[in-house]
Amino acid sequence: MKNIVLSIDTSHHNKLIVSLTKDGEKKVFEEAFDYHKSQGVLPLVEKTLKKEGLEFSDLTGIEVNTGPGSFTGLRVGVTIANTLATILQIPLNGKTVGELAAPVYS
């Protein structure tokens, strides 16, 4: 069974970052948002999974950025990550920005 971890970073003022780590190989996707970025998190997650040929059920873990960043942005990311982890019954871990950083692929 593959190890597939979804990472969510909503700490930035004008962009969302979602990454997938499959057996140690990390791919990062980001989208710019001027406002209402909270409404773009799940669509970006879905788009990222689809691009990689994966389903939510393929995920084995979730990571979320816990800061630093805007309170509201972090709260949105943590809430979405917690909800997904609960529904999918997979582990959830909080990470800081530096721990989630990686090269960006579009």
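What follows is calculated from the coordinates using simple rules that are stated; it is not laboratory data. As the structure is a prediction and not an experimental result, all values here were calculated from the model. Please note: Cβ atoms are built from the backbone with ideal geometry, for glycine as well, and neighbour counts cover all protein chains shown.
Details
- Across 22/51; 50/95; 15/50; 22/47, pairs whose alpha-carbon gap is larger than 18 Å: 50/95; 15/50
- The length gained on full extension between residue 54 and residue 3, counted as 0.36 nm times the residue separation minus their Cα-Cα distance, comes to 17.1 nm.
- Listed options for mean projected area of the Cα convex hull in nm² are (1) 6.0; (2) 8.7; (3) 7.7. The value calculated from this structure is the one marked (1).
- Counting only aspartates and glutamates at least 8 places from residue 2 when in the same chain, those with an alpha carbon closer than 20 Å to its own are 23, 25, 46, 52, 55, 58, 63.
- Subtracting the Cα-Cα distance of residue 25 and residue 96 from 0.36 nm times their residue separation leaves 23.6 nm of extension gain.
- Among 94, 24, 67: highest mean-square fluctuation, GNM of the chain, C-alpha pairs under 10 Å: 24
- Exposed loop sites here mean chymotrypsin sites (Phe, Trp or Tyr not before Pro) with a DSSP loop assignment and at most 12 other beta-carbon atoms within 10 Å; the chain contains its longest site-free run at 36-104.
- For the stretch 62-67, the Karplus equation 6.51 cos²θ - 1.76 cosθ + 1.60, evaluated at θ = phi - 60°, returns couplings of 9, 10, 9, 6, 9, x Hz by residue, with Gly and Pro reported as x.
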